[in-house]
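**Q** Sharing a structure with you now.
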Amino acid sequence: MTTAEPPLTGFSRAAIEVGMIAQDAARLAEFYGQVIGLPLHYSQENEVLRVWYFWCGHSRVKMSEHADPPPHPHPGGGPFASIGLSWFTLPVGDVAVVVDRCVRAGSSVRVPLTETIDGGRFAVVADPEGNWVELRDRAGVDWSGARFE
Amino acid sequence: MGYTKAQGPRAAVGVDLVGDTVQVGLTVGRLEASLAFYRNLLGLELLTTSQVPGAGTITQIGRGPVRLNLFSGGDHRPAPNHPGGVGPAPQGGWMPGGQFGIRWFTFKVDDLAGIMSRAAALGYEVAVPLIEASPNSKFAILRDPDGNSVEFVEYVDVTAYEERGQDQ
């Protein structure tokens, strides 16, 4: 984890959280908790939904499953499938290690390990429900060397 | 019914993290409209762009470590969004959103009323108006130009919330 960032005007935490609607939130929770290794903030279950919230620094990766599910299927395809929220990025130190963990757990690789122009590395895997998860070791957004699988 | 006792953000991590936040990626229909929305509400500015081979461009906007990545495809024509995100349903209960997948994202802000005032002045769509969720927190959800659910949360004490978790 990095050292503390200076306060950022307007935000109580300089962090974004991301939320997914899951078909099987327990399966997603296993992926983000056990495979990726994010620590659980808390989980909760009641008559209408069950949720798992995992920390990523001061942001969280959130997943919920609803008794009344949404009408449309997962769009799949990451950024190329449909307008809207289509992927998110986890800041991990050793991209290769995390990709290997994901592959061993059965995840498909969408963009294999790729060197970036600033000397970093990134890759993209799909979680068990097809959400694209970018793994990147620095804050940039260079996708110029990406090969899609 | 069940609840797992909360642990704070400094809990033991099973992965080497090099940042304190995720970045969120959005496929946008009208890049300029998205840029204006996030600049007007949160002061996010254009940081860099990257070509995606054979597909389009990613424009990164942000402030400090807060980053959004906006994909806009040249000749690529992605399917339309299915608006609808999580939140309290007008008739009670909880909306599951329009489809499965990544459906909402959240900013933790220190002046939610100010955000909502700016949104109203700019004519942005309110999906869920400001709600006092508990004595310790309030939130609201706006729709961005592509119909995405953008949640804003203000805590009386964000550190206490992080350690405590959901209000019981």
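The values are calculated or read from the model by the stated rules, or taken from the named source; none is laboratory data. Everything numeric here is computed off the predicted structure, so don't read it as measured data. With ideal geometry, Cβ positions are generated from the backbone for all residues, glycine too; neighbour counts draw on all protein chains shown.
**Q** Out of everything in the range A:58-79 that is among the hydrophobic types (A, V, I, L, M, F, W, C) and buried (at least 23 other Cβ atoms within 10 Å of the Cβ), what residue ends up being farthest from A:Leu40 (Cα to Cα)?
**A** Among those residues, the one meeting the criterion is A:Met63.
**Q** Moving on to the next point. Given the conditions (1) in contact (Cβ under 8 Å) with a residue 12 or more places away in the chain; (2) assigned to a loop (DSSP other than H, G, I, E, B), and given that A:Ala96 satisfies all but one, which numbered condition is not satisfied?
**A** Here A:Ala96 clears every test but (2).
**Q** Let me ask something else about it. So how many residues does the range B:22-61 have that are of a type outside the set (A, V, I, L, M, F, W, C), free of Cβ contacts under 8 Å to residues at least 24 places away in the same chain, outside any helix (DSSP H, G or I) and more than 7 Å from every other protein chain (Cβ to nearest Cβ)?
**A** Number of matching residues: 5.
**Q** Scanning the range B:114-133 for residues that are in contact (Cβ under 8 Å) with a residue 40 or more places away in the chain and assigned to a helix (DSSP H, G or I), which turns out farthest from B:Tyr161 (Cα to Cα)?
**A** This residue is B:Leu122.
**Q** Residues of the range A:76-100 being facing another protein chain (nearest Cβ under 7 Å), of a type outside the set (A, V, I, L, M, F, W, C) and closer than 23 Å to A:Arg138 by Cα, which ones?
**A** Taking the range A:76-100 first, the residues facing another protein chain (nearest Cβ under 7 Å) are A:79-94, A:98.
Going one step further and asking which of them are of a type outside the set (A, V, I, L, M, F, W, C), we end up with A:79, A:82, A:84, A:86, A:89, A:91, A:93-94.
Of everything in the range A:76-100, those that are facing another protein chain (nearest Cβ under 7 Å), of a type outside the set (A, V, I, L, M, F, W, C) and closer than 23 Å to A:Arg138 by Cα turn out to be A:Pro79, A:Ser86, A:Thr89, A:Pro91, A:Gly93, A:Asp94.
**Q** Can you tell me which residue in the range B:134-168 is farthest from the other protein chains (Cβ to nearest Cβ), limited to those that are part of a loop (DSSP other than H, G, I, E, B) and among the small types (Gly, Ala, Ser)?
**A** Across the range B:134-168, the extreme among qualifying residues is B:Gly147.
**Q** Mind counting the residues in the range B:9-24 that are farther than 16 Å from A:Lys62 by Cβ and of a type in the set (Val, Ile, Thr)?
**A** 3
**Q** Being at the interface with chain A (Cβ under 9 Å from one of its Cβ atoms), modelled with pLDDT under 85 and buried (at least 21 other Cβ atoms within 10 Å of the Cβ): is that true of B:Pro65 here?
**A** It is false that B:Pro65 is at the interface with chain A (Cβ under 9 Å from one of its Cβ atoms), modelled with pLDDT under 85 and buried (at least 21 other Cβ atoms within 10 Å of the Cβ).
Results for (1) in contact (Cβ under 8 Å) with a residue 12 or more places away in the chain; (2) under 21 Å from A:Ile21 (Cα atoms); (3) not in a strand (DSSP E or B), shown as yes or no for each residue.
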site: A:Leu113; (1), (2), (3): yes, no, no
site: A:Asp118; (1), (2), (3): yes, no, yes
site: A:Pro128; (1), (2), (3): yes, yes, yes
site: A:Val133; (1), (2), (3): yes, yes, no
site: A:Arg138; (1), (2), (3): yes, no, yes
site: A:Asp142; (1), (2), (3): yes, no, yes
site: A:Glu149; (1), (2), (3): yes, no, yes
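**Q** Could you run through the range A:116-147 and say how many residues are out of contact with any Asp or Glu (no Cβ under 9 Å at 6 or more places or on another chain) and surrounded by fewer than 16 Cβ atoms within 10 Å (Cβ to Cβ)?
**A** Residues flagged as out of contact with any Asp or Glu (no Cβ under 9 Å at 6 or more places or on another chain) and surrounded by fewer than 16 Cβ atoms within 10 Å (Cβ to Cβ) within the range A:116-147 amount to 3.
**Q** Here's another thing I want to ask about it. Inspect all residues belonging to the range A:25-40 and state whether any of them is at the interface with chain B (Cβ under 7 Å from one of its Cβ atoms) and surrounded by fewer than 17 Cβ atoms within 10 Å (Cβ to Cβ).
**A** Pass one, the range A:25-40, residues at the interface with chain B (Cβ under 7 Å from one of its Cβ atoms): A:36-40.
Filter once more, so that each one left must be surrounded by fewer than 17 Cβ atoms within 10 Å (Cβ to Cβ): none.
No, that holds for no residue.
**Q** Yes or no: A:Pro91 surrounded by 20 or more Cβ atoms within 10 Å (Cβ to Cβ), outside any helix (DSSP H, G or I) and in contact with a His (Cβ under 9 Å, 6 or more places away or on another chain)?
**A** On the way: surrounded by 20 or more Cβ atoms within 10 Å (Cβ to Cβ): yes; outside any helix (DSSP H, G or I): yes; in contact with a His (Cβ under 9 Å, 6 or more places away or on another chain): no.
The answer is no for A:Pro91.
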